[in-house]
Amino acid sequence: MLTMRIVFVAICVAAGFHFRPFTVSKEFGAAIGFLFGLSVILFELRLRRASLRRLIGAATGSILGILGAYLTSLILTHTTMPESTRSFCSLAAFLVMAYIGLVLGANKGDMLNLQAFGGVFGSERGTKHAVKLLDTSVIIDGRVADIAEAQFLDGTIIIPQFVLHELQLVADSADPLKRQRGRRGLEVLQRIQKMPYLDVQIAEDDFAQVPEVDLKLIELAKRYDAKIVTNDFNLNKVAQLQGIEILNVNQLANALKPVVLPGETMRVFILREGKEYNQGVAYLDDGTMVVVDGARKLINKTIDITVTSVHQTTAGKMIFGRCDERGEPQSSRSSSSSSSSALGGPGSSHAHSNIPAAATAQQHSAHAPQAAAAASSQSAHAEPPSAVRALESASTTGGGERPPRPLYPDPSRS
């Protein structure tokens, strides 16, 4: 294509240099030929972006305009006006009607149904729903730019003029939050326009008899046989009732969330307490709310939970679960065991081992006095008190603390 364009420009330069249009010098004629060839190439590049429907509409409109101008000139030949005036009127009618037919035919070309011609325009079958309209809410939301950048949006993106006007009003609002959202929407539109695989167009169509922007979008979608890209719940319902196809960004986000089944385990971070008693609330990376029973005391901790149920609502997906006791960290268990050993001191094992023995001894003393007498006789042959005092003094002088008294009395000393 580059070689063909260079050859075409060279031919135009040679023709201008040889024929010298408007009786100018050969150098000016070559310059005029170069400018003419360059303008034709620019016009060709612009036409490459147009769809086949627009090209057919523009050609049909221009042909009808030229035909109307020719009929007008035939009528002027039967008048008594001077020759110069008649020539000027004929040329003016030709230019005006050809231009109007070209512009109107190009704008209304998207309304043509090429499938009515059978297989002549078979390549255009897949473009029936290639036109998409952007709503103000989805532009301000900003996620549509990421979706388009991932090439999940193709074809022609139409931005209505009344949507741009509403976006400009939001950007010029006195509220700083609304003003920031409006400016972000304008930045999103600039980002979408720079994507080379999208054909972004501004629609000048307006419906003066329709006051609301949502209803205007629906009427424009009917005119262009297009889909509406939005995240407005009310517009979604109204458009579906009128047979308009909707691309809802919120539904796409919910469809991309991971599927969780009851009984599965997951690891979450408890962020805050829930509305009900002893509930904790966590959030997944995609924003899904997780309500955990029995996790109110575990705020600001990462725990393992077991999913009990999953509920799908209009606002999104909610996951309910409970604390998984099997997934308790080992550190908490070790800390609890260390705290219990710290309470018992050096003789804690002996103290805990004496607790069931003491209870058993009390039961035996209640039912058999002979066992108590035998226990007292055995205590008489135990270690002397001096050895016990020596052991206690050694533990005290060794820098350690004196062990606390046992919680339960020793049955041998009773």
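The values are calculated or read from the model by the stated rules, or taken from the named source; none is laboratory data. Owing to the predicted nature of the structure, the values given are computational and were not obtained by experimental measurement. Cβ placement follows ideal geometry from the backbone for every residue including glycine, while neighbour counts extend to all protein chains displayed. Heavy atoms of the whole protein, side chains included, go into the accessibility calculation; ligands, DNA and RNA do not. Shrake-Rupley method; radii C 1.70, N 1.55, O 1.52, S 1.80 Å.
Distance between the C-alpha centers of segment 159-218 and segment 15-36? Whole Å please.
When both Cα centres are located, 47 Å separates them.
Keeping all protein chains in the complex and leaving out DNA, RNA and ligands, what accessible area do you get for Cys323 with a 1.4 Å probe, in Å² to the nearest 10?
40
Top to bottom by accessible area (1.4 Å), largest first, where do Asp154, Asp214 land?
Asp154, Asp214
Averaged across orientations, what area in nm² does the convex hull of the alpha carbons in segment 1-110 project? Write out the running numbers ahead of the final one.
Values: hull surface 35.5 nm².
About 8.9 nm², averaged over all directions.
Take Met289, Met4 and sort them by solvent-accessible surface of the protein heavy atoms, 1.4 Å probe, largest at the top.
Numbers: Met289 55, Met4 130 Å².
Per-residue accessible area, sorted high to low, gives Met4, Met289.
Of Thr313, Tyr277, Met289, which is farthest along the charge dipole of segment 174-333 in the positive direction, counting Lys and Arg as +1 and Asp and Glu as -1 at C-beta?
Highest projection toward the positive end goes to Tyr277.
Sort Lys301, Lys275 from largest to smallest accessible area, using a 1.4 Å probe on the heavy atoms of the protein chains. Display every interim value, and only then the final one.
Numbers: Lys301 105, Lys275 200 Å².
I get Lys275, Lys301, largest accessible area first.
Leaving out ligands, DNA and RNA but keeping every protein chain, what accessible area does Asp205 have, in Å² rounded to the nearest 10, with a 1.4 Å probe?
30
Roll a 1.4 Å probe over the protein heavy atoms and report the accessible area of Arg20 in Å², nearest 10.
About 120 Å², ignoring ligands and nucleic acids.
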